[in-house]
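Notes follow once the structure below has been shown.
The values are calculated or read from the model by the stated rules, or taken from the named source; none is laboratory data. Quick caveat: nothing in here was measured; it's all calculated off a predicted structure. As a convention, Cβ positions derive from the backbone with ideal geometry for all residues, glycine included, and neighbour counts pool all protein chains shown. Each accessible area value is taken on the protein alone, full model and side chains, heavy atoms only, with ligands, DNA and RNA left out. Shrake-Rupley method; radii C 1.70, N 1.55, O 1.52, S 1.80 Å.
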Amino acid sequence: MKVKVGINGFGTIGKRAATAIEQQDDMMVVGVTKTRPTFEAYTANDLGYPLYVPDEEAKAEFKKAGIKVAGLIRDMYKKVDIIVDCTPGDVAEGYKKEYADAGVKGIFQGGEDHSLTGISFNASANYKESWGAQFSRVVSCNTTGLIRTLYPLDKRYGIQNVFATLIRRSADPGNSKSGPINAIEPSLKIPTHHGPDVQSIMPWLNIQTMAVKVPTTIMHLHTIMVKLNAEASTEDVIALWRDTKRVKLVKGKSGIKSSAQIMELARDLGRSRGDMFEIVVWEDGVKVVGDTLYYYQAVHQESDVIPEIIDCIRSMCKTEENASASMSRTDKAMGI
Ligand code: NAD
């Protein structure tokens, strides 16, 4: 029997999660929610997702806008095994209580603190920690990116310390309200929250992070320095990542000089929405000098967490015991 999933918050992450769930053969979307009758509510109707809204007032407003409504959000709880909560910050605490009262499981996103759930998720690093859990949290796009490349390095060589600078996109492509649009904005709180967030999954890791926001919408880019415990060559590290799921190696020499060509490649690969689910590492920008590894990686913020959400559903609903098997199944269905 398929796992029945509800999506609370049909925005950037919610609509991608819905697409990926529908691509799997062991889970299905039984409803999505919207709070306002925006274009995404019409899209939910067009795609055939039953649409749920907060209250009777919203129901009347949606109906007036010509949007079909299946019921109230609390009605959706009765139809699901698990909710993927993709709401923006601030409302998750209240929703967690509602899910608990309704007896349904809930996956939260990286905008929430680890303390909300006490368990955070990354498929390769800690799949089993969410096994059967009622609540878990898939870490943010940047944290997912850092863990995807650091976890295999730590397993193979051991890591003494990591220093990473995150060059962050200022807004998602569909967001015309945020900025900066012509400035570079440093995060003045050092270290940024990203290091501690990685430690919510790899608590033993000595990692410091800084971040700056730049006027782009398409990707984040990380510059990373890792002091390794064991000897490694540049070639060994590249070979390790070549064998790592959801890490993709590209070459500047073959014309992929920037985030722009990476997203062009994602569109060429025919992925849904032109998304790049993998963390992309420039092979010719990897270098080991002495005991220190230097590399650049790019993170497609709108989509790298989506396959993790799928694996988290399987771990929490106990439908696949093996992390690697779940990841392979997810990736095959998503064309990764
Ligand atoms: P978004 O603003 O694109 O979408 C949020 C959706 O929630 C919207 O459809 C909005 O209408 C809906 N919503 C707002 N208030 C609601 C409420 N009270 N009840 C139900 N729905 C409500 O946001 P997003 O970018 O998809 O982010 C969602 C979560 O995912 C956040 O925790 C965010 O930090 C995290 N995340 C975002 C990104 C990214 O780059 N966009 C990457 C990784 C994780």
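Every residue, every condition in (1) within 21 Å of Met316 (Cβ to Cβ); (2) hydroxyl-bearing (Ser, Thr, Tyr); (3) assigned to a helix (DSSP H, G or I), yes or no:
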position: Ala18; (1), (2), (3): yes, no, yes
position: Gly48; (1), (2), (3): no, no, no
position: Glu57; (1), (2), (3): no, no, yes
position: Ala60; (1), (2), (3): no, no, yes
position: Gly66; (1), (2), (3): no, no, no
position: Glu93; (1), (2), (3): yes, no, yes
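Of all residue pairs spaced 6 or more apart or on separate chains, those with beta-carbon atoms under 7 Å, a first member in segment 272-287 that is over 8 Å from Lys248 (Cβ atoms) and a second member that is among the acidic types (Asp, Glu) are Asp275/Glu302; Phe277/Asp304.
Of the listed requirements (1) under 24 Å from the mean Cα position of the chain (by Cα); (2) more than 9 Å from the ligand (Cβ to nearest atom), Met1 misses just one: (1).
For Thr35, the criteria (1) closer than 24 Å to Ser303 by Cα; (2) part of a helix (DSSP H, G or I); (3) within 11 Å of the ligand (Cβ to nearest atom) hold in every case but one, which is (2). Of the residues Pro180, Pro186, the single one that is open to solvent by 30 Å² or more (accessible area, probe 1.4 Å) and either under 17 Å from the mean Cα position of the chain (by Cα) or more than 16 Å from Ile224 (Cα to Cα) (or both) is Pro186.
Residues that are among the aromatic types (Phe, Trp, Tyr) and within 18 Å of Ala18 (Cα to Cα) within segment 29-73 comprise Phe39, Tyr42, Tyr49, Tyr52, listed in sequence order. Mind listing just one residue for me: the one in segment 89-134 that is within 11 Å of the ligand (Cβ to nearest atom) and under 25 Å from Trp204 (Cα atoms) and, of those, most open to solvent (accessible area, probe 1.4 Å)? Looking at residues that are within 11 Å of the ligand (Cβ to nearest atom) and under 25 Å from Trp204 (Cα atoms), I get Asp113.
Restricting attention to segment 1-36, the residues being closer than 16 Å to Ile107 by Cα and of a type in the set (D, E, K, R) number 3.
Would a scan of segment 24-46 turn up a residue that is more than 24 Å from Val91 (Cα to Cα), among the basic types (Lys, Arg) and either at pLDDT below 95 or over 18 Å from the mean Cα position of the chain (by Cα) (or both)? No, that holds for no residue.
Within segment 58-75, residues that are under 23 Å from Val104 (Cβ atoms) sit with their Cβ atoms under 6 Å from residues that are part of a helix (DSSP H, G or I), at 6+ positions apart or across chains, in these pairs: Val69/Lys59; Val69/Phe62. Note on segment 76-88: residues that are surrounded by 15 or more Cβ atoms within 10 Å (Cβ to Cβ) and in a loop (DSSP other than H, G, I, E, B) amount to 5. From the list Thr244, Thr165, Thr192, the one residue that fits, being open to solvent by 20 Å² or more (accessible area, probe 1.4 Å), under 28 Å from Ile310 (Cα atoms) and under 20 Å from the mean Cα position of the chain (by Cα), is Thr244. Tyr52 fulfils the conditions (1) more than 20 Å from Cys312 (Cβ to Cβ); (2) in a helix (DSSP H, G or I) except for a single criterion, (2). Looking only at residues of segment 8-32 that are farther than 16 Å from Asp275 by Cβ and open to solvent by 10 Å² or more (accessible area, probe 1.4 Å), we find that the one that is nearest to the ligand (Cβ to nearest atom) is Gly9.
Residue-wise test of (1) among the small types (Gly, Ala, Ser); (2) out of contact with any Asp or Glu (no Cβ under 8 Å at 6 or more places or on another chain); (3) modelled with pLDDT of 95 or more.
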residue: Ala100; (1), (2), (3): yes, yes, yes
residue: Gly103; (1), (2), (3): yes, yes, yes
residue: Gly111; (1), (2), (3): yes, yes, yes
residue: Leu116; (1), (2), (3): no, no, yes
residue: Ala125; (1), (2), (3): yes, yes, yes
residue: Glu129; (1), (2), (3): no, yes, yes
residue: Gln134; (1), (2), (3): no, yes, yes
